Each structure stands twice: as C-alpha cells, then as structure tokens.
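Coordinate-derived values only; no laboratory data. Everything quoted here is computed from the prediction, not taken from an experiment. Virtual Cβ from ideal backbone geometry, glycine too; neighbours counted across all protein chains shown.
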Amino acid sequence: MWFRNLQLYRLIETIEHTPESLHAALEQQAFRPCAGLDSHSSGWVAPASRESTALVHAANRRMMICLRREDRILPSAVVREHVEEKAEAIAIAEARPVGRKEKQRIKDEVITDLLPRAFTRSSHLYAYIDPDAGWVVVDSATAKKAEELLSALREALGSLRIKPLSVNRAPSSVLTGWVESRPPESFSLGDECELKEPVDNGGIMRGRRIDLASAEVKSHLDAGMQVAKLAVEWRERIGCILCDDLGIRRLRFLDLVMEEASDVETDDALARFDADFALMAMELERFIPEVTEAYGGIDEG
C-alpha cells in the first residue's frame, strides 16, 4: 500500500463527495474482467483488496481509491508464427502466393481465435484525495499513466477540476543549485543524479553511487548541464528521486517511519492497512509542502 511514486495535482474545486457517495459513483464503473474479444478492461476495485469491498478507503478525511487494469497477453511473435503457418498452408494447398491484404485478413482471424484464450495480466493504480489540503496524489511514475486513473475518475464523477502541480521556480534550476551549493536544511543529498544539457536532444549523464561534490559532477555543471533527477532524503524520514517534471519517483519511507508503523500492534489486516495509510498520508502532508516551497511555492495562476 505504501506509495512508490508521486504525481501531484491541485484541486481547482473542492470535492464534496463523502466516502459513501464516492463509493456509489465508482461502483457504476467497478472492475469487470476481460470478456469476449476485449484486449483490456479497467475499473475500480477496493484499495484494501481482499480485506474490504469498499471502493473508497477513508482515513482522516482522506480517501484512497484504486483502478485495476487487466490486459490480455498476446505476443506479436505468437501471432506472427500462426499467420505464417496459415499463409504457408494456403500457398501450398492452392499453389499461389499469399498477398499482403490476405495476410492481414489471416492476422485478424488469428487474433480473433487466440484472444479469448490468452493469459491476462493485471496492474493497479492507487491514488488518494485530500480535500482539506487540496491535493489528488497518484502513485505513478509518469503523468501519462496517472492520467488513466484521472480520466476514469472524471468519467465516474462527471467532472473533476484539477491541474498538475505548477511551481514558481524551474525545478532543474533549483536542483542544480542544491548540487552546486547545498539543499535546504530539511533535505540531504543522496548519491545519484541525472544531468542534462538544456537543449533539444542534448547530452545526458547518469550517475549512481557517486559523490555529487566530485570534480566530475562539477565539471559537467560548469559546462552548462543541469540536474534533471536528484536523489535526496527528507528529515531522515523519506528518500526519493526529485525530477525536473515535478514527479517524485522511487519513494521510500525510511526507518523512522517504518518503526512507527510497526508500533501499531494488530493482527487485523484491514486495521493494518488503515494505520499504514494514515501514517503515509500524514508524512506526505508534511513532505509535499516542503518540496513545493523549495521550488518557490505553488504557482496558483
């Protein structure tokens, strides 16, 4: 349940839904497995999985939701092999070459035949809504993937007025300044970064387990490269990669937080999920404003 990536969105209008009314809205688009010739299917499931049937898990006025997507796995190599076998059989039986259009027809027939029998693979996208703080927080490494969940949520609610996080200072400039000088007091630098030349198709330098104060890194910065990704820790409680697109990746809750989580003694899986969600959201409630403040504050324009 602990989020591993963050895509951040500001609520333009307050969401008035209660957990109960939000559940009712999502229930109209609850997940159903692929049927017939469906190549994929998506819908809402309970965030707490087997422990609850509720499509909304609420804690401290925050509401967690989960979108499940199921894809049929039909490798192109398998389709291609079946098409070639069928085309070869026709060519031998009728002593003629099989043309391009006919091969496309055969391919359509192969897909129609194989798709209902294909294996399926499921993935889950989590998010939570914090109406008091004005955030929608999506556990996704990319904005494109997060938009899958947001689009489904808009469809379920009829509308969803949000906008991606925008800040007053360029993140790459801020992160570069941290490496050249030092980060704010609440942050410490890790041992990983990605540098980019600030031009289209410019060079990229990636480094792991490196000293960010090294002469090598300094030489790249002196040459005009800027920091696009930077490993940091926040108050010894959260580790992550801050990115110039304002995404936060490889989120880790460090020992101080996990020790607090382990202090909650319960054998009830739902109670454990609830306690973990409450603790995670409380940490992010403090962490996110310090990140945005480091970027010069939120651009409300």
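Below are the figures for this structure:
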quantity: DSSP loop GluC sites (Glu not before Pro) with at most 13 other Cβ within 10 Å: longest gap in the chain; calculated: 17-184
quantity: Alpha carbon centroid spacing (whole Å) that separates the stretch 45-98 from the stretch 236-256; calculated: 31 Å
quantity: Contact order relative to length of the chain, as percent, for alpha carbon pairs under 8 angstrom and 6 or more apart; calculated: 21 percent
quantity: Nonlocal amide H pairs with Ala30, under 5 Å, H built at 1.01 Å; calculated: Trp44
quantity: All aspartates and glutamates inside 18 Å of Lys107 as judged from Cα atoms, apart from same-chain residues fewer than 8 positions distant; calculated: Asp38, Glu81, Glu84, Glu85, Glu88
quantity: Cα-based reach from Lys144 at 14 Å (exclusive), listing aspartates and glutamates while leaving out same-chain residues under 8 positions away; calculated: Asp245
quantity: 5 angstrom amide H check on Ser166, placed H, neighbours 5+ away; calculated: Asp299
quantity: Share of pairwise Cα separations in the stretch 151-225, more than 14 Å, in percent; calculated: 70 percent
quantity: Matching label, Rg and Dmax of the Cα atoms in Å computed from the structure shown, candidates [x] 24.3, 79; [y] 19.0, 64; [z] 18.9, 61; calculated: [x]
quantity: Cα-based Rg and Dmax for the stretch 69-208, where Dmax is the largest Cα-Cα distance (Å); calculated: 25.4, 79
quantity: Greater than 21 Å apart at Cα, pairs in Lys163/Lys196; Lys196/Lys218; Lys145/Lys196; calculated: Lys163/Lys196; Lys145/Lys196
quantity: Cα gyration tensor shape of the stretch 163-301, rounded if a/c is under 1.5, else prolate or oblate by comparing a/b with b/c; calculated: prolate
